[in-house]
1. Count, please, the residues in the range A:89-112 that happen to be surrounded by fewer than 22 Cβ atoms within 10 Å (Cβ to Cβ), within 17 Å of A:PHE137 (Cβ to Cβ) and either among the basic types (Lys, Arg) or touching a strand residue (DSSP E or B) at 6+ places or on another chain (Cβ under 6 Å) (or both).
2. If I ask for residues that are of a type in the set (A, V, I, L, M, F, W, C), within 11 Å of chain A (Cβ to nearest Cβ) and part of a helix (DSSP H, G or I), which ones from the range B:112-149 would you list?
3. Of the residues B:ALA365, B:ALA331, B:ALA322, B:ALA374, which single one is touching a Cys at 6+ places or on another chain (Cβ under 7 Å), of a type in the set (A, V, I, L, M) and modelled with pLDDT of 95 or more?
4. Find the strands (runs of 3 or more DSSP E) located wholly in the range A:1-116 whose residues include 3 or more that are of a type in the set (S, T, N, Q), closer than 28 Å to B:LEU268 by Cβ and at pLDDT 95 or above, and list them.
5. Looking only at the range B:152-186, which residues are within 13 Å of chain A (Cβ to nearest Cβ), surrounded by fewer than 23 Cβ atoms within 10 Å (Cβ to Cβ), part of a helix (DSSP H, G or I) and touching a helix residue (DSSP H, G or I) at 6+ places or on another chain (Cβ under 7 Å)?
6. Report every pair of residues separated by at least 6 positions or lying on different chains whose Cβ atoms are under 6 Å apart, first residue within the range B:200-226 and among the polar types (S, T, N, Q), second part of a helix (DSSP H, G or I).
7. So how many residues does the range B:90-111 have that are farther than 13 Å from B:VAL154 by Cβ, over 14 Å from the mean Cα position of the chain (by Cα) and either within 12 Å of chain A (Cβ to nearest Cβ) or crowded, with 24+ Cβ neighbours inside 10 Å (or both)?
8. For the range B:15-74, name all the residues that are outside any helix (DSSP H, G or I), over 26 Å from A:VAL119 (Cβ atoms) and away from chain A (no Cβ under 12 Å).
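The values are calculated or read from the model by the stated rules, or taken from the named source; none is laboratory data. Since we're looking at a predicted model, the values are computed, not measured. Cβ: placed from backbone, ideal geometry, glycine included. Neighbour counts: every protein chain shown.
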Amino acid sequence: MKKVKVATVWLDGCSGCHMSLLDMDAAVISLSRKIDLVYGPLVDAQEFPEDVDVTLVEGAVSSQDDLNRVQKIRQRTNILISMGDCAVTGNVPAMRNSIPVQKLLQRVYVDGADEKKGVPSERVPALLKQARPLREFVKVDICLPGCPPPSKTIVGVINDLLDGKKPNGNLKVKFG
Amino acid sequence: MKRITIEPVSRIEGHAKISIQLDDQGHVANTEFSVTQVRGFEKFTEGHPFYEMPGITARICGICPVSHLLASAKACDAIMAVRIPPVARKLRELVHFAQIVQSHALSFFYLSAPDFLLGMDSDPASRNVLGVIAGHPELAREGIELRKFGLLIVEGLAQERVHPSWIVPGGVATPLSGATRDRILSELPAAKGIAERTLQFFKGALDRYKEEIEFFGSFPTMYAGLVDVKGNVQLYDGGLRFRSATGEVVEDFVPAEEYSNYIGEASLRESYLKAPFFKPVGYPGGVYRVGPLGRLNAASQCGTPKADAEFKEFHQRFGTVAHSAFLYHYARLIEIVYALEKIEASLDDTRILDTHTRATAGVNALEGVGMIEAPRGTLIHHYKVNEEGAITWANLIVATGHNNLAIGRSVQQVSEHFIDGTKLTEGMLNRVSAVVRAYDPCLSCSTHASGLLAMQIRLLDAGGTVLDELTTD
């Protein structure tokens, strides 16, 4: 059987959803026979591949880099999953949304520094005015809410997709 | 001048890029380590009730949420001016040791083992945890089990593995049940076996990494870590010790509320991660390192029998102050042994089942600082509140931040030694990433950064024209 190509992406989030994914523990051993992890924080792939079957995206879209990345990922992915509250609603990264970006950066890098006060300006991407959910920029096929979503829910969806089934609409999700 | 960019650096917990400038002969002239996202917790938490801070700041990091929960709860305890019940302190320590085990296991087995087991120059397409599962199934299984053991304790105490709401200002929400204690104790011997086998394996393999030990961030710096009054490693409490590059204790037992007399922060033009420095020396000379290597260099001993034997052997091999960043891996494995010994000792104490787990109080002080040793090093949460308990100001100094200057210098050293700009290979650049991995930087913590995705390597000339590009199909 041809292995299914799976990618994971970490935008503006805390990696807790990736940890929840890893919380499948030893189930990763049997899963590794069915999938190739072609891109993501756990692997060294250099470029987002052209024809990915399933991509799980953690985190809100918060910088210009994030935005460029999600557009490319959408073009190259068959099924795109918003994994966790930051990707689904903006969640904690969006707590900055009422504050002007310059004010936020000023607080951290000017008022919050003892030396070399100044906002970073070279080789760092510009922040967007607000951190926003993924679906405001690209079409999302499946949403998995939760902070983080339970491991069983994430793995359940992956297994449903591997079996060629439409993921169950009554997924066990949780608030917070 | 040509420039190489490694972006993002892979298999680290966050999003970073490395920029390497080459001179006309292809030698490394200059390097920069940049972290590329920021969330601004210090600003957007203003106005929130202080007791929400543990829950909000846990979301800084999904790998070590327990660290932020603990540092935050300690800052809140100070605002309430309470001494938490004895069992609450014991349970906080227990969950913290468990977190050290899971976080160190993640770093070693999931992120860095592919370099050790499959090789720095191996095929990048399979140089990852799935490649380890395929090529070294037994070791992979043990790594998964060890991480799971740590999380079994977190879940047993706090009902959730990621972002539990069990650690609260004033203590912890619920006591430990006898059944959970017995289950943890029944699985402990297996975890200890894995930790010891892995440490023996790594020590046996050290001879293969002589070049990495010599050139992976191997330079004299100061080190810092929490210790108790006897100089034992402390993870949850204690005072901060700074030890000089030549082994003298420079400052000892600095209490949490005095951190800002010793630690300053500098902004960097090319990174969203600020660079803390040792204030008495100043910036940029006041470089110090924290984390497993920082702790084992700063402390006089661990304070548990097996870990102390390992501590002694470690320093016999590499000196009173061990300076190579490659040795972070070694120190991490010793700390797993230490944490498992501490878990056993806490559970053998019957008072661990006491049921008065929480103190309650309102605002009794307008300022509070919490300081702990997170898996990656010293973590400081500092809050100011108004009479109603709303946050008016917050400062967070996270573990990876302290190492920022040292990581930058390590990238420079590895680049100078391993990179030949006339004949670039992927393996050369993987070594540059691998030295960053050795620090186990949590860039999610440090700036609340975005994901570390693919590694893109391009050689550009001064005008930005692509001269060489490395891609694997």
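1. Total meeting the criteria: 2.
2. Within the range B:112-149, B:LEU118, B:VAL129, B:LEU130, B:VAL132, B:ILE133, B:ALA134, B:ALA140, B:ILE144, B:LEU146, B:PHE149 meet the criteria.
3. B:ALA374
4. none
5. Applying the first criterion (within 13 Å of chain A (Cβ to nearest Cβ)) to the range B:152-186 yields B:152, B:154-155, B:159-165.
Those still in the list that are surrounded by fewer than 23 Cβ atoms within 10 Å (Cβ to Cβ) too: B:152, B:155, B:159-160, B:164-165.
With part of a helix (DSSP H, G or I) added as a condition, the list becomes B:152, B:155.
The one that is within 13 Å of chain A (Cβ to nearest Cβ), surrounded by fewer than 23 Cβ atoms within 10 Å (Cβ to Cβ), part of a helix (DSSP H, G or I) and touching a helix residue (DSSP H, G or I) at 6+ places or on another chain (Cβ under 7 Å): B:LEU152.
6. B:THR221/B:ALA406
7. Here the count works out to 2.
8. B:LEU22, B:ASP23, B:ASP24, B:GLN25, B:GLY26, B:HIS27, B:VAL28, B:ALA29, B:PRO49
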